[in-house]
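The values are calculated or read from the model by the stated rules, or taken from the named source; none is laboratory data. A quick note: this is a predicted structure, and the numbers were derived from the prediction, not measured. For neighbour counting, all protein chains shown are included, and Cβ atoms are generated from backbone atoms with ideal geometry for every residue, glycine included. Accessible surface is based on the protein model in full, side chains and every heavy atom, while ligands, DNA and RNA are left aside. Shrake-Rupley method; radii C 1.70, N 1.55, O 1.52, S 1.80 Å.
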Amino acid sequence: MAIRDILTVPNPVLKQVSEPVDTVDDELRRLMDDMLETMYAAPGIGLAAIQVGVAKRVIVMDLAGKGEPPAPKYFINPEILETDAETLPYEEGCLSVPEIYDEIARPKRARIRYLDYDGNPVEEWAEDLYAVCVQHEMDHLDGILFIDHLSRLKRERAVKKVQKAKADEAVERTSAEVEKAATRSL
Ligand code: NI
């Protein structure tokens, strides 16, 4: 397993529509293993393949609470079959839009169909946080980020904030390297 880089806004790859998976094989399982490790390290509760730059309709998730044993879930070619009219407002965040959180109202229940880690078909109702998360991650497969559900002003502000944080981080990294180089030359 390996930790992969998570793409952040405004990387245009995140706007790509992902392709369905033809075959569930060891190569795909390696991708899902890497995605899970990357998600745990971030840390996050859900990750779509496009967030590590792979345009395949694949999602990993773990909604286990603190102190609970890990409960990884894998979704290949997920589809939403139906949703409830009732919505659940939830404060969402995204590893591709770090440090930004805002409330989105999505259907509280969704009937979903997908292939699991071994390629077996599963059909079930997702509820509450599970429903929210699966809908958030499935949006990624269609190039949609949670900030796309916000007003244009909020969205632009979020992207700018992420870009600035990234630039600041790069400056910090550079000065840390300069310091290290200086230490070595002493
Ligand atoms: Ni996300």
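Note on surface exposure: Tyr101, Tyr90, Tyr114 rank Tyr101, Tyr90, Tyr114 by accessible area, highest first, 1.4 Å probe. Computed from Cα positions, the angle between helix 152-185 and the longest principal axis of the chain comes to roughly 40 degrees. Were the residues from Ser175 through Thr87 laid out at 0.36 nm apart, the gain over their Cα-Cα distance would be 27.0 nm. Estimated from helical segments only, the mean residue ellipticity of the chain at 222 nm is -12000 deg cm²/dmol, where each DSSP H run of four or more residues counts as -39500 (n - 2.57). Rounded to the nearest 20, the Cβ-based charge dipole of the stretch 1-94 about its Cα centre (Lys and Arg +1, Asp and Glu -1) stands at 300 debye. For the stretch 12-151, averaging the sequence separation of C-alpha pairs within contact (under 8 Å, six or more residues apart) and dividing by the residue count gives a relative contact order of 26 percent. For Lys66, the lysines whose Cα comes closer than 26 Å to its Cα, not counting residues fewer than 8 places off in the same chain, are Lys108. Can you tell me, using C-alpha contacts under 8 Å and at least 6 residues apart, the relative contact order of the stretch 98-166 as a whole percent? Normalised by residue count, the contact order of the stretch 98-166 is 27 percent.
Spin-label pair Arg30-Met1: with each label point 7 Å from Cα along the Cα-Cβ axis, the two points sit 1.6 nm from one another. Computed from Cα positions, the angle between helix 26-41 and the longest principal axis of the chain comes to roughly 60 degrees.
Largest mean-square fluctuation among Leu129, Leu81, Leu153, in a Gaussian network model of the chain whose springs join Cα atoms under 10 Å apart, belongs to Leu153. Sorting His136, His149 on solvent-accessible area from highest to lowest, probe radius 1.4 Å, gives His149, His136. With the gyration tensor restricted to C-alpha atoms of the chain, the semi-axes of the equivalent ellipsoid amount to 31, 21, 15 Å, longest first. By a 1.4 Å probe calculation restricted to protein chains, Ile3 has an accessible surface near 110 Å², given to the nearest 10.
Placing a label point 7 Å from the Cα of Asn11 along the Cα-to-Cβ line, the residues of the stretch 94-122 whose backbone N sits under 19 Å from it are 94-101.
Could you give the angle, 0 to 90 degrees to the nearest 10, between helix 128-141's Cα long axis and the longest principal axis of the Cα atoms of the chain? So the inclination is approximately 70 degrees.
For Lys160, the lysines whose Cα falls under 25 Å of its own Cα, not counting residues fewer than eight places away in the same chain, are Lys15.
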